[in-house]
Amino acid sequence: VSQSRYRSNQAKMKTLGLINNDMQYTYLALLLSDQSPHTIKAAVFGGTTKELFKDRYEFGGSLFKQLKECFSFIDRYNPTISHIEGLRRIDKRGFPISAIREALINTIVHRDYALSGSILISIFDDRIEFVNIGGLVKGISKEDMLLGVSLSRNKNLAQLFYRLKLIEAFGTGIPKIIESYLPFSIEPRIEITDNAFKLTLYNTQFINN
């Protein structure tokens, strides 16, 4: 690798927040590596309570790896109902895929990485609960968030997700989740404490039955 290319790579890594002014790797770089200390724990329950345990998995490694694997895990438990319209078979999922995607990305981008503990995802027949470590960033209210106002706790991480087109614009995640439920008789539920954020997505097939 030429010296100019090496310097160019260093400049890019610095811009992305992966190295600091002393050319040392940052905590963000650690989060994106296989040595990331934070995980996502997902559990599947039969019915609408935690009495019947069916499956569980803990996702580790880089945040991108966790995102991909956890999304696939949730998708396996997203029920599909098919019906025929003319010659075509129409498949509909219980949970809007766009809502799951935005919810999962939201938990990863906005969690408080200064706190220990895993993101918790609980899958029931009628709902999926996403429990995130860290409440809203100081200065932002629940009403602000619903309007699309964004103040990122992890600015460099959010910027990286934006550069990779995993998020389209800052502050659009929650409004997009709510919008995905507009055709149905139920809407997502948001609960916030000082140190936690809980988002519940409902199974549209379960609710409409």
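The values are calculated or read from the model by the stated rules, or taken from the named source; none is laboratory data. Here the structure is a predicted model, which is why all the values come from computation and not from measurement. For neighbour counting, all protein chains shown are included, and Cβ atoms are generated from backbone atoms with ideal geometry for every residue, glycine included. Heavy atoms of the whole protein, side chains included, go into the accessibility calculation; ligands, DNA and RNA do not. Shrake-Rupley method; radii C 1.70, N 1.55, O 1.52, S 1.80 Å.
Diffusion of the stretch 60-172 by Stokes-Einstein, at 4 °C in a medium of 1.567 mPa s and with Rh set to the Kirkwood radius over alpha-carbon pairs, works out to 82 µm²/s.
What value, in deg cm²/dmol to 500, does the helix sum -39500 (n - 2.57) over DSSP H runs of n ≥ 4 give at 222 nm once divided by the residues of the chain?
Values: 8 runs with 73 residues, N = 209.
Estimated from H runs of four or more residues: -10000 deg cm²/dmol.
Sorting 176-184, 155-163, 100-108 by average packing, meaning the other beta carbons within 10 Å per residue, from highest down gives 100-108, 155-163, 176-184.
On the beta carbon distance between LEU52 and ALA114, with R0 = 41 Å, the FRET formula returns roughly 0.70. The structure-derived value of log10 I(q)/I(0) by the Debye sum over Cα atoms at q = 0.08, 0.13, 0.18 Å⁻¹ appears in the list [x] -0.32, -0.78, -1.34; [y] -0.25, -0.70, -1.42; [z] -0.48, -0.88, -1.25 under the label [x]. On the protein heavy atoms, probe 1.4 angstrom, tell me the percent of accessible surface of the stretch 1-114 carried by carbon and sulfur. Roughly 51 percent, rounded to a whole number.
Give the calculated FRET efficiency between ILE190 and ASN21 to the nearest 0.05, with a Förster radius of 35 Å applied to their Cβ-Cβ distance. Could you put the intermediate results ahead of the total?
Values: r = 38 Å, r/R0 = 1.10.
Efficiency, from the Cβ-Cβ distance: 0.35.
Amide hydrogen proximity for GLY134: with H placed 1.01 Å from N in the peptide plane, the residues at 5 or more positions away or on another chain lying under 5 Å are ASP112, ALA196, PHE197. Whole-Hz Karplus values for the stretch 94-99 come out as x, 9, x, 4, 5, 5 Hz, taken residue by residue from phi with 6.51 cos²θ - 1.76 cosθ + 1.60 and θ = phi - 60°; glycine and proline positions read x. Looking at the chain, the accessible area is 58 square angstrom per residue; that uses a 1.4 Å probe and ignores ligands, DNA and RNA.
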